[in-house]
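**Student:** My questions all concern the structure below.
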Amino acid sequence: MRRTRRAFALAAATSLLAAPRLADACGGVFSSDLPGQSEVVTVTSQRIAISISSEQTVLWSQIAYEGDPSDFAWVLPVGPGAVLEASSDAWFEALEAFTATRVSSPSVTCYDGSGSGSGSSSGGCCGSALGDGLAGSAPDRGNFGQGGEVTVVHEGSVGNYQTVTLSSSNGEAVQQWLVDNGYAVPDTVVPALEAYAAQGLDFIAMRLKPDTSIKQMTPVRVRAPGGSTIVPMRMMAAGAGASVPLTLYVLGEGRYAPSNFPNIEVNTSDLTWDFATESSDYEARRAEALSTMDGRTFLTSHVSRQALHIRNERRALTPEGLAPAPENTADTIADLYALQGTTTATGEGTSCDLSAMLESYRSLTVVEACPDGATSPGPCDDGETVTASTFECGGLTDVSTALLGMRPRDLTLARLEANLPPSALSDELQLGPADDQDAVSSDLKAAEAENVPCSDYEVYPDGTEPLNMRPRTTAPALMMLGFLGVTLRRRRRSARA
């Protein structure tokens, strides 16, 4: 373990030395200020994913907001050479499904015949559960305009958005251009615009296309050359409410953690399950933890290695719209992503066997092109690399993009959660190697119970329940834990008169 930590720390330090700059795409949401459009747009939650390798940094972003879609406008600071691309809802949906905290009830046996308290249920799921909504269609806004001291580098469209890329060394000029072109940009955002402009960053301004009526933006991703472990947050203050629920997925060759924000933990060893409400007290504990230190805290709720293709039988899922069947069920992030994405696109899902391919090529480094220039799917002739196109599926490219520059066996996924007040968004988030490189499970089981529907019962802590009450698993270690922990079982009987 010590050797692994040193190796990861060295790799992370090398990437920082190679490209110590900001990651891209953490933008601000501004209200549109065109005639007849004056409703304030407020961000209700954000989901961000960042993949860090020596080759590139990729940052995905998705925002949920309150307000009319016709008023939605988004501005991203991006570095030179950055490319804006459309992503898929399936990417965040798969990450969410396999990393969100789930608490199940303890195993309970009733002895008096008054009821059964055994079983499990999904408990408080932390993070940002982004909901969909519909609103009226957006009117035609016309073309983007020009402004002094600001160069319009590019105009185009990505997914559901009209986009324009701006370049300027003057933050006030950027603000004025945005105002002149229908963005309601508050003066409080100018210092952030100035800071990013001084660093040589460009800005991508985006609006929803006319007749687009969504309250949860389709994800976009920004690819930039070189590795960066700094996530810009200052622009996120634009459009922020009293607080911004943030879920951040970090993918890299080792476990990352915030290095300039406090890290907190939730004590999950004595979670209590309430059989009356079919829920645990995890969510209350999580909320209390995130409110400490003026809300400037991050919680690491999930960490897994070989994260995209590691199997989790407890979370085998079938996307909505497909009939439950073995071929329609996925128990890995990669397969659920493919199944969900192809189902949304065609109405018929396919797994594409992404997990099988990731396992087959787990020791090879993913590259855009082989040394001989080949980009077709499959391993390269050098025996050390495999093309990114190998991991594409029906036009879905988020998995292949996330892996570029890394080996599947080294990929580690960490889920970080926060509920940040606007004051905390004045600092950029710096990521670094976590002191603890261990995995963190988001599958939790309560150890205590209340309101059990019987008066004479027995509660079994995790791993001590009888074999016929345990979740299906092939791990013999759990069987051994059952025998060793049998003495920990607690017997609770009602007082007899």
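Bear in mind these aren't lab numbers, they're just calculated from the coordinates by the rules spelled out. Because the structure is predicted, anything quoted here is derived from the model rather than measured. Please note: Cβ atoms are built from the backbone with ideal geometry, for glycine as well, and neighbour counts cover all protein chains shown.
**Student:** Going by how many other beta carbons lie within 10 Å of each one, how would you line up Val153, Val189, Val222, fewest first?
**Tutor:** Val153, Val189, Val222
**Student:** Under the definition of Cα pairs under 8 Å and six or more residues apart, what whole-number percent is the relative contact order of region 184-297?
**Tutor:** Reported relative contact order: 19 percent.
**Student:** Here is a further query. Can you tell me which of 366-376, 271-281 comes out highest on packing, and rank the rest after it, using the mean Cβ neighbours within 10 Å?
**Tutor:** Those peptides, ordered most packed to least, come out 271-281, 366-376.
**Student:** Right, here's the next one. Along the principal axes of its C-alpha atoms, what lengths does region 370-420 span, in descending order and rounded to whole Å?
**Tutor:** 48, 25, 14
**Student:** Same structure, new question: What do you get for Rg/Rh of region 158-285 when both radii come from the Cα atoms and Rh is the Kirkwood radius?
**Tutor:** Rounded to two decimals, Rg over Rh is 1.06.
**Student:** Could you line up Ser45, Ser107, Ser455 from fewest to most neighbouring Cβ atoms inside 10 Å?
**Tutor:** Ser455, Ser45, Ser107
**Student:** Something else now. Fewest to most neighbouring Cβ within 10 Å: what's the order for Ser51, Ser259?
**Tutor:** With the fewest neighbours first, Ser51, Ser259 line up as Ser259, Ser51.
**Student:** Please give the net charge around Met357, taking every other residue with its beta carbon less than 12 angstrom from that of Met357, where Lys and Arg add +1 and Asp and Glu add -1.
**Tutor:** It works out to a net charge of -3.
**Student:** For region 217-326, how big is the tail of P(r) above 25 Å, as a whole percent of Cα pairs?
**Tutor:** Of all Cα-Cα pairs in region 217-326, 46 percent lie more than 25 Å apart.
**Student:** Cα centroids of region 379-433 and region 159-235: how far apart, whole angstrom?
**Tutor:** 22 Å
**Student:** Report the charge-dipole magnitude of region 361-448 in Debye, nearest 20, computed about the Cα centre from +1 at each Lys and Arg Cβ and -1 at each Asp and Glu Cβ.
**Tutor:** 240 debye
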